[in-house]
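All remarks here apply to the structure that follows.
Readers should treat all values here as calculations from the given coordinates under stated rules, not as data from a laboratory. None of the values given here were measured: they were computed from a predicted structure. With ideal geometry, Cβ positions are generated from the backbone for all residues, glycine too; neighbour counts draw on all protein chains shown.
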Amino acid sequence: MIRDLILKNRSCRRFYSEIIIELDTLRELVDLARLSASAGNAQPLKYILSCNPKKNALIFPYLAWTGYLNDWSGPYEEERPSAYIIILGDTEIKQSFGCDHGIASQSILLGATEKDLGGCIIGSIQREELRKALRIPSRYEILLVLALGKPKETVVIETVGPTGDIKYWRDSKGIHHVPKRALDEIIVDES
Ligand SMILES: Cc1cc2nc3c(=O)[nH]c(=O)nc-3n(C[C@H](O)[C@H](O)[C@H](O)COP(=O)(O)O)c2cc1C
């Protein structure tokens, strides 16, 4: 079950933007993050939720999509995410956030996948521009943006080939291919 969910939980960057995501759904997903592990149980993460078109339009311009696809700079208007969850670090609780936001992201995305939604973690963000656009107070560090929606693309996993190339790529039918290293390559010691 968990393997199936993890296999299904692929980074997705094109969505049916006409399919809306309710605020209650975003709150449910953040609740999964709330229940997840946090270093020292400090729980320094805070969240901004967006599922309305006007707010979504303020967020989108400051996100970078697919570093490896040179001929695609991001989804057209009709294929943009229906919602976003912005993960913030509250510097009044902690100055550094370790891997809490990675764990939170995975909890949220697995929850979204279980609901037949999909998304993408975006770390490449024009942070100061986004801060201004949403008037995010300086006490919050902008850590990650999760783009969410009903997936409109097919993503397949394959094994990294002999050249060792890990770059994801898109074929002529628009199918997105993601090479993953083989299990034997990543286990450095076992007994
Ligand atoms: C911390 C982190 C930051 C990421 N930032 C971006 C990003 O800025 N833009 C983007 O299109 N994808 C981003 N991704 C998605 C990765 O490109 C994606 O996870 C990778 O290609 C593997 O695909 P998969 O998630 O389907 O396994 C990010 C992923 C992680 C974990």
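Identify, among 85, 104, 72, the residue whose Cα sits farthest towards the positive end of the charge dipole of segment 71-111, taking +1 on the Cβ of Lys and Arg and -1 on the Cβ of Asp and Glu, with the dipole about the Cα centre.
About the Cα centre, the residue reaching furthest to the positive side is 104.
Which number comes out as Rg/Rh for segment 1-152 once both Rg and the Kirkwood Rh are worked out on C-alpha atoms? List each step's numbers first, then the result.
Numbers: Rg = 14.8 Å, Rh = 15.6 Å.
Using only Cα positions, Rg/Rh for segment 1-152 is 0.95.
Can you compute 3J(HN,Hα) from phi for each residue in segment 70-85, using the Karplus curve 6.51 cos²θ - 1.76 cosθ + 1.60 with θ = phi - 60°, rounded to whole Hz and x for Gly and Pro?
Each residue's phi maps through the Karplus curve to give 5, 9, 9, 9, x, x, 5, 3, 6, 10, 7, x, 7, 7, 9, 10 Hz.
Rounded to the nearest 20 debye, what is the charge dipole size of segment 121-191 about its Cα centre when +1 sits on each Lys and Arg Cβ and -1 on each Asp and Glu Cβ?
Computed about the Cα centre, the dipole is about 720 debye.
Mind checking segment 1-77 for GluC sites (Glu not before Pro) that DSSP puts in a loop (not H, G, I, E or B) and that have at most 12 other Cβ atoms within 10 Å?
18, 22
With a length cut of 20 Å (Cα positions projected on each helix's long axis) and a Kyte-Doolittle mean of at least -0.5, go through the chain and give me the DSSP H helices that pass.
Correct list, ordered by number: 100-114.
Can you pull out the chymotrypsin sites (Phe, Trp or Tyr not before Pro) in segment 26-75 that DSSP calls coil and that have at most 15 other Cβ atoms within 10 Å?
Passing both the DSSP loop test and the Cβ count: 68, 72.
To the nearest 500 deg cm²/dmol, what mean residue ellipticity at 222 nm is calculated for the chain from DSSP H runs of n ≥ 4 alone, each contributing -39,500 (n - 2.57), summed and divided by the residues?
Computed ellipticity for the chain at 222 nm equals -8000 deg cm²/dmol.
Could you check which residue among 75, 162, 44 shows the biggest mean-square fluctuation in a GNM of the chain with a 10 Å Cα cutoff?
It is 162.
From the cross-link list 46/115; 55/152; 8/132; 54/180; 132/180, which pairs have alpha carbons spaced over 28 Å apart?
Over 28 Å Cα-Cα: 8/132; 54/180; 132/180.
Can you tell me which aspartates and glutamates have their Cα less than 18 Å from the Cα of residue 94? Leave out same-chain residues fewer than eight positions away.
Once the sequence-local aspartates and glutamates are set aside, what remains near residue 94 is 141.
Quick check on the chain: of the DSSP beta bridges with both residues there, what percent are antiparallel, nearest 5%?
80
Using θ = phi - 60° and the Karplus form 6.51 cos²θ - 1.76 cosθ + 1.60, what ³J(HN,Hα) does each residue of segment 40-47 get, whole Hz, x for Gly and Pro?
Result, ordered by residue: x, 6, 6, 6, x, 7, 10, 9 Hz.
Counting only trypsin sites (Lys or Arg not before Pro) that sit in a DSSP loop (anything but H, G, I, E, B) with at most 16 other Cβ atoms within 10 Å, what is the longest stretch of the chain containing none of them?
Between the exposed loop sites, the longest stretch runs 1-114.
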